[in-house]
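Below: one structure, written as structure tokens.
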Amino acid sequence: MSYTQQSKDCSETSSVEQLEVVIVGAGFAGMYMLHRTRQLGLSARVYETGNGVGGTWYWNRYPGARCDVES
């Protein structure tokens, strides 16, 4: 199957989601960006490689570092 044929087959069998913003990472910055993006009425999707949100603060522990969320 050629590249052209493969692309054509894919476009016929599935729809393409149109997004205005793609956010990479679901840490503090990513979650804030999603919040602001929604306030502006834009469509967005967050992609995170981990199983949950929280980014660095979720995956690492920093003794003595303060944050306003429970760890």
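The values are calculated or read from the model by the stated rules, or taken from the named source; none is laboratory data. All figures in this text were calculated on a predicted structure; none of them were measured in a lab. Neighbour counts run over all protein chains shown; Cβ positions are idealised from the backbone, glycine included.
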(message) Tell me yes or no: at least one residue of segment 44-57 is among the hydrophobic types (A, V, I, L, M, F, W, C) and free of Cβ contacts under 8 Å to residues at least 12 places away in the same chain.
(response) no
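Listed here are the residues, each with its yes/no results for (1) modelled with pLDDT of 75 or more; (2) outside any helix (DSSP H, G or I).
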position: Q5; (1), (2): no, no
position: D9; (1), (2): no, no
position: E12; (1), (2): no, no
position: E17; (1), (2): yes, yes
position: L34; (1), (2): yes, no
position: G41; (1), (2): yes, yes
position: T56; (1), (2): yes, no
(request) Please list, ordered by first then second residue, the pairs with beta carbon atoms under 8 Å, 6 or more apart or interchain, first in segment 9-20 and closer than 18 Å to V46 by Cβ and among the acidic types (D, E), second modelled with pLDDT of 70 or more and not in a loop (DSSP other than H, G, I, E, B). (result) E17/R45; E20/T37; E20/A44
